[in-house]
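Shown next, in structure tokens, is the structure this report addresses.
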Amino acid sequence: MDTSLVLQNLFTPPVLFFFLGVIAVLVGSDLEIPAPLPKLFSLYLLLAIGFKGGLELQHSGISGPVLPTISAAMLMSLLVPLYSFAVLRLRFDGFNAAAIAATYGSISAVTFITAESFLDTQHLPHDGFMVAALALMESPAIIVGLLLVKLATPRGEAAAESGSEAFQWKQVLHEALLNGSVFLLVGSLVVGFLTAANSPMSAEKMLPFTDKLFYGALSFFLLDMGLVAAQRLRDLRQAGSFLIGFSLLMPLFNALLGALIARGLGLDAGNGLLFVVLCASASYIAVPAAMRMTVPEANPSLYISTALGLTFPFNIIVGIPLYMALVRQVLP
Amino acid sequence: MDTSLVLQNLFTPPVLFFFLGVIAVLVGSDLEIPAPLPKLFSLYLLLAIGFKGGLELQHSGISGPVLPTISAAMLMSLLVPLYSFAVLRLRFDGFNAAAIAATYGSISAVTFITAESFLDTQHLPHDGFMVAALALMESPAIIVGLLLVKLATPRGEAAAESGSEAFQWKQVLHEALLNGSVFLLVGSLVVGFLTAANSPMSAEKMLPFTDKLFYGALSFFLLDMGLVAAQRLRDLRQAGSFLIGFSLLMPLFNALLGALIARGLGLDAGNGLLFVVLCASASYIAVPAAMRMTVPEANPSLYISTALGLTFPFNIIVGIPLYMALVRQVLP
Amino acid sequence: MDTSLVLQNLFTPPVLFFFLGVIAVLVGSDLEIPAPLPKLFSLYLLLAIGFKGGLELQHSGISGPVLPTISAAMLMSLLVPLYSFAVLRLRFDGFNAAAIAATYGSISAVTFITAESFLDTQHLPHDGFMVAALALMESPAIIVGLLLVKLATPRGEAAAESGSEAFQWKQVLHEALLNGSVFLLVGSLVVGFLTAANSPMSAEKMLPFTDKLFYGALSFFLLDMGLVAAQRLRDLRQAGSFLIGFSLLMPLFNALLGALIARGLGLDAGNGLLFVVLCASASYIAVPAAMRMTVPEANPSLYISTALGLTFPFNIIVGIPLYMALVRQVLP
Amino acid sequence: MKRVDLILSERELDTVLRAIDQAGSTGYTVTKHVTGRGPRGAVSEGMDFSGLGANAHVIVFCEPEVLEPLRQAVKPLLAYYGGVGYVSEASPL
Amino acid sequence: MKRVDLILSERELDTVLRAIDQAGSTGYTVTKHVTGRGPRGAVSEGMDFSGLGANAHVIVFCEPEVLEPLRQAVKPLLAYYGGVGYVSEASPL
Amino acid sequence: MKRVDLILSERELDTVLRAIDQAGSTGYTVTKHVTGRGPRGAVSEGMDFSGLGANAHVIVFCEPEVLEPLRQAVKPLLAYYGGVGYVSEASPL
Ligand SMILES: Nc1ncnc2c1ncn2[C@@H]1O[C@H](COP(=O)(O)O)[C@@H](O)[C@H]1O
Ligand SMILES: Nc1ncnc2c1ncn2[C@@H]1O[C@H](COP(=O)(O)O)[C@@H](O)[C@H]1O
Ligand SMILES: Nc1ncnc2c1ncn2[C@@H]1O[C@H](COP(=O)(O)O)[C@@H](O)[C@H]1O
Ligand code: NA
Ligand code: NA
Ligand code: NA
């Protein structure tokens, strides 16, 4: 593998600021970005990525690989939790296994964004419909997570026996489809799409905010993510080596599968990398929110710490360049 | 009326994001922009609009239609509460009627800003002195609001009978003139004016912040305004159809009057639209703050919900293009 | 002295917005910028100044006046507290004298930034290594502050007599070296340095955020600083005329000494001014944080009000142009 | 009068507030962005932006009669989702 | 010792804090950006940016003597502008 | 059960939370960005960005046994750095 790719990724402001945040926690600095400032950046990034994706989607149109790619992405968000669950059941009860599995079926928008920035530094083009794929991978993973609880836990069995419906499907679907971050991402995509179609001039006027500022805001936010991820690392001692292994190997496996599918879809290198990153990343926003509500029996520090404390840093630092090398190997 | 104007206004990011916020509330998404982030955007918008207005005022100078327009605007902010009060007294007690009336005499800076953005997409010029008019319409409305309470409520009568002064005029004038948002708007106007006069180069250096970013920040803020306005809509059931009718018809009447005055002042289409928007919009920041303090007998959810839950969305979505059509008709 | 310099400094947006904040408090406006928004701006300014300093440091290299200047700056941050302490002991106990003295040995990043902006409007170049000097002046001042407590207060004597170690040096060094603002500044410097060396293209992509936005964000932040400084002014009545005199004369003396050292170092006018500003400014972030923790016997409203309520406004408004005139006189 | 303090995740806040209303309280007060530690682990400020969110602290001043319906509505929520609830005495100022 | 909890609009906060000082309390603690519902309707986070603002929660630990002047200064404000005040027992740690 | 309210500077918060853990409490709740006034002067929102920071309000519901170790761990901190601590009665909902 090309180690220069790793270095090219490493020495960019987003990744360096992420490191800075991690180091701050490790050395015990009192640097902090108080709430709700991180929320400002996470809302901004979702809005900006959605809006830009919508503009591009309008320009490229919904044809060629668009629908197959989105369908494949949604399929992966159903599939990944299934085999993740099988692996996790070796060590965890059904509740925890289901919650962690759902996390890995879904995606991390920040990882996706960082991969896009990486592609830009590599001068590799990528398309707006990948943002649509990103947006549509959250909900299926949440639904499959709850299905797993229903089919394979005592709560599910109790409900089945008594014939009652222990599961508030309405609540689950609500969380899956109307979760704030999913809603903002999809909504901004639609706004971008409509704007590009009807008022190109006003789309232009958005760019200083949604485009020019983006890279700096991402770097600032990754500083905070470094702080948070490093704080989560501590929880992982509790998690044990099985989960640590899972959180590093499962992304690799998902990436491999994703690369093969990307090849089957005929994606180019840019979109291929993004597809792989979607498969390999895990959610620490929408899915934990839904799991907390619908599977309170699971321990949040398990599912959020794996996704945020290990898989996220791994993907940001070595995963993205690694997947790039993989994509170059696998795609024709 | 030209429906294409409505569509041209509708499919711009500020209005679309406003809709997105409204929809989020209607479908029950948990999307929220936590305090004090909305405050950041509202402070930013006031600072930026004031500063830019100051720059332009310096370039255009204080001559021609400047003083007459500002005077007419202030007159309208005295007049509108008077006839609004007369109408509102048909259904409400003096306290509530006075508070709602004051609200409609004053202005909504965000509606004004959205109208400016609309003009920009229409390539219609407008002038910095309109920002001065904007800034100077808050205080008179507040003062007239309290005068109405004094003249036409039991509290006023009691005070008159006993010969005592039940009204803390000092406090009212303080609120009217030194209210944070009025102060920031006027202050930024002065800063912009002085900067343009003395240090054009440093004025230039402000533009990426005050100018380039503006449209995106407005869109982000309108997302929040959509959330808030839709939440307020619920309160309006309590308000009843009289108030709903008032909140939609009164702006139209004020707009008509405003358009005639704009014609009398000889304003061009751009400034004309802004003048009409000032007349037609209602305050949900400075005036409610003052009314809460000086007329605590009035029910805040009445005056703020009408201004924010109905008049504001109405103006943003259909009002602005409607007034544009009106201005084109009325101005020579 | 050239009064036009004072006016050139005065009529720039940062200084005018600072005034606006001061006036808001003086006239009793309720304008406020609620927490944690000011923190957002202060984090942003540290990140941006550090990053830009790092880029420049990479381009200029570490040679010529770089190391001598940084060493001289650190020396001044040790020296200033020593003679300040001697002066302050005339009126204050050892604890308060040490805490105030440490404050003056350290620096105010915002004053430095405002001086940089002033230089830009004067078209005078300055170098990235001055940011390194800025970053390295915080820690020594904190350490010397505690040494003064150890050597010259009852607590120090008690500890010496009993042979015990009353001073948690670990804690002090931790505060001195890992304080959040020092850490962010140094860290961003390193990030900028590494980015410039390895990925010039991604450095470029940061500029809309770190560079273009900077002047406006500084102006916004100075509005808040004006509010805060004016609130602090009230505390100063309690402080008395000795401390007021100190807070205005000590910066002048430090500036004079700084100008002579700058001459000795062979600095040009731009870097010379920045060096003088470092000497003349006093800390209201890192040092008070450390003093509160390590010298709780001292009265925070004394040391923070002098630094923030008097020295800071003095430097921003008249100090910077005054020091510019001084630098022009003293440097060959 | 009674004072009830409830501390729970922001995500269950709306449900709990509805329960308080239905129990017949004249009002409540909410502080959000609160953090803490309990039997189910720590809730830190750093996670405020994530899906887990922070805690909310709800204070209810109410007549003793309100206590029982409040308890019945809120206790199952606290038991299922986590959070604590305590009662103390308070008298109007 | 007594513990007094006051919940009122941020806009009246300064007036109330002055009253607390004058009543002779040694101190107070304030949490801003607090929301809630009371007889005069709901105060929501969404309105924090608007002119109405949010609520503030003021806690005062004081000697029993301070209670009476505090009550006299604060009760009219609460009655006129809205807000609630409650007293309970507390002893120093 | 006992309810302990601690109000102290955010800068000493971590130390105090560790002491609460060690005293054997099952949990605690923290509100940050709190302001106030005490014998050592005022802590205002305007200083939140500066090195002094704001206050934190810590609430601990605990068994009476926890009180004594808590007192021993926390009182010296409050005495040295400032801040107040009060105890009152509370019973589980
Ligand atoms: N003993 C306690 N004292 C004060 N707050 C508590 C206590 N136990 C739990 N909490 C609060 O309740 C929240 C939820 O607790 P848990 O039951 O662990 O989900 C915690 O994050 C704390 O904020
Ligand atoms: N029974 C109550 N319990 C707790 N907080 C209350 C109660 N009643 C009112 N409040 C608080 O006091 C604020 C002002 O109440 P109001 O009297 O409606 O203006 C409300 O927004 C609540 O935050
Ligand atoms: N009597 C009191 N009642 C409520 N809060 C207090 C009281 N005294 C002090 N405080 C709080 O404790 C903080 C620290 O007090 P101090 O002891 O002055 O450092 C103050 O800023 C207040 O928030
Ligand atoms: Na995934
Ligand atoms: Na109006
Ligand atoms: Na200095």
- Item | For chain F, fraction of C-alpha pairs farther apart than 20 Å, in % | 33 percent
- Chains B and C: accessible area buried, summed over both chains, 1.4 Å probe, nearest 100 Å², reads 2600 Å²
- Note on the structure: Flagged as over-length at 30 Å C-alpha distance, from B:K150/E:K75; A:K52/A:K170; C:K205/D:K32; B:K205/F:K32, the pairs are A:K52/A:K170; C:K205/D:K32; B:K205/F:K32
- Message: With +1 assigned to the C-beta of every Lys and Arg and -1 to the C-beta of every Asp and Glu, and no other charges, what is the dipole magnitude of the protein assembly as shown about the Cα centre in debye, to the nearest 20?
- Response: 240 debye
- Inter-chain shielding metric for C:216-226, i.e. average beta-carbon neighbours from other chains within 10 angstrom, reads 4
- Task: Take each of the peptides D:29-37, C:184-192, average the number of other beta-carbon atoms within 10 Å over its residues, and list them starting from the highest.
- Result: C:184-192, D:29-37
- Across the identical copies, how the A:P68 labels are spaced - nm, sorted shortest first, 7 Å along Cα→Cβ: 6.9, 6.9
- Message: Among B:G156, B:G53, B:G105, which one shows the highest mean-square fluctuation when chain B is modelled as a Gaussian network with alpha-carbon springs under 10 Å?
- Response: B:G156
- Note on the structure: Placing +1 on each Lys and Arg Cβ and -1 on each Asp and Glu Cβ in the protein assembly as shown, then taking the dipole about the Cα centre, the residue among B:G94, B:G145, C:P208 whose Cα reaches farthest towards the positive end is B:G94
- Buried area at the E-D interface (accessible, heavy atoms, 1.4 Å probe, summed, Å²): 1700 Å²
- Item | Positive minus negative residues near A:G64 (Lys, Arg vs Asp, Glu; Cβ under 12 Å) | -2
- Query: Residue-wise, which Karplus ³J(HN,Hα) couplings in Hz belong to region F:62-79, taking 6.51 cos²θ - 1.76 cosθ + 1.60, θ = phi - 60°, and x for glycine or proline?
  - Reply: 8, 5, x, 4, 6, 4, 5, x, 4, 4, 5, 7, 8, 4, x, 4, 5, 5
- Query: Of the residues D:R40, D:R18, D:R71, which exhibits the maximal mean-square fluctuation in a Gaussian network model of chain D defined by a 10 Å Cα contact cut-off?
  - Reply: D:R40
- Item | Distance from region B:18-77 to region F:47-70 (C-alpha centre basis), Å | 41 Å
- Task: Can you check how the C-alpha radius of gyration of chain C compares to 2.2 N^0.38 Å, as a plain ratio?
- Result: 0.96
- Alpha-carbon centroid distance for the pair region F:1-25 / region A:95-110, whole angstrom: 34 Å
- Query: Carbon and sulfur: what percent of chain A's accessible surface (1.4 Å probe)?
  - Reply: 65 percent
- 5 angstrom amide H check on B:S108, placed H, neighbours 5+ away: B:S281, B:A282
- Item | Solvent-accessible heavy-atom area per residue, rounded to whole Å², over the protein assembly as shown at 1.4 Å | 33 Å²
- Note on the structure: One quarter of the C-alpha convex hull surface, i.e. the mean projected area of region C:127-219 in nm², amounts to 8.4 nm²
- Query: What is the average number of partner chain Cβ atoms found within 10 Å of a Cβ in F:57-63?
  - Reply: 3
- Item | Derived scalar couplings ³J(HN,Hα) [region A:281-297; Karplus, 6.51 cos²θ - 1.76 cosθ + 1.60; whole Hz; x for Gly, Pro] | 8, 10, 8, 10, 10, 5, 5, x, 4, 6, 5, 4, 7, 9, 10, x, 5
- Query: How big is the gap, in Å, between the Cα center of region B:111-145 and the Cα center of region C:255-325?
  - Reply: 42 Å
- Note on the structure: Of every hundred units of 1.4 Å-probe accessible area on region E:2-83, the number belonging to carbon and sulfur atoms, as a percent, is 54 percent
- Who wins for biggest fluctuation among C:F246, C:F183, C:F209 in a Gaussian network model of chain C, springs between alpha carbons below 10 Å? C:F209
- Task: Considering the options C:F312, C:L189, C:G61, tell which one lies farthest towards the positive end of the dipole of chain C, charges being +1 on Lys and Arg and -1 on Asp and Glu at the Cβ, about the Cα centre.
- Result: C:F312
- Query: Residues with beta-carbon under 11 Å from that of B:G270, excluding B:G270: net charge, scoring Lys, Arg +1 and Asp, Glu -1?
  - Reply: -4
- Query: Once you average over the residues of B:25-31, how many Cβ atoms of partner chains fall within 10 Å of each Cβ?
  - Reply: 6
- Can you list the residues, at least 5 places off or on another chain, whose amide H is less than 5 Å from the amide H of A:D30, using H built in the peptide plane? C:G180
- Item | Prolate/oblate/rounded call for the protein assembly as shown, Cα gyration tensor, a/c under 1.5 rounded | rounded
- Query: Between D and A, buried accessible area summed over both sides at probe 1.4 Å, in Å² to the nearest 100?
  - Reply: 1800 Å²
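The values are calculated or read from the model by the stated rules, or taken from the named source; none is laboratory data. All figures in this text were calculated on a predicted structure; none of them were measured in a lab. With ideal geometry, Cβ positions are generated from the backbone for all residues, glycine too; neighbour counts draw on all protein chains shown. Side chains included, ligands, DNA and RNA excluded: accessible areas come from the protein's heavy atoms. Shrake-Rupley method; radii C 1.70, N 1.55, O 1.52, S 1.80 Å.
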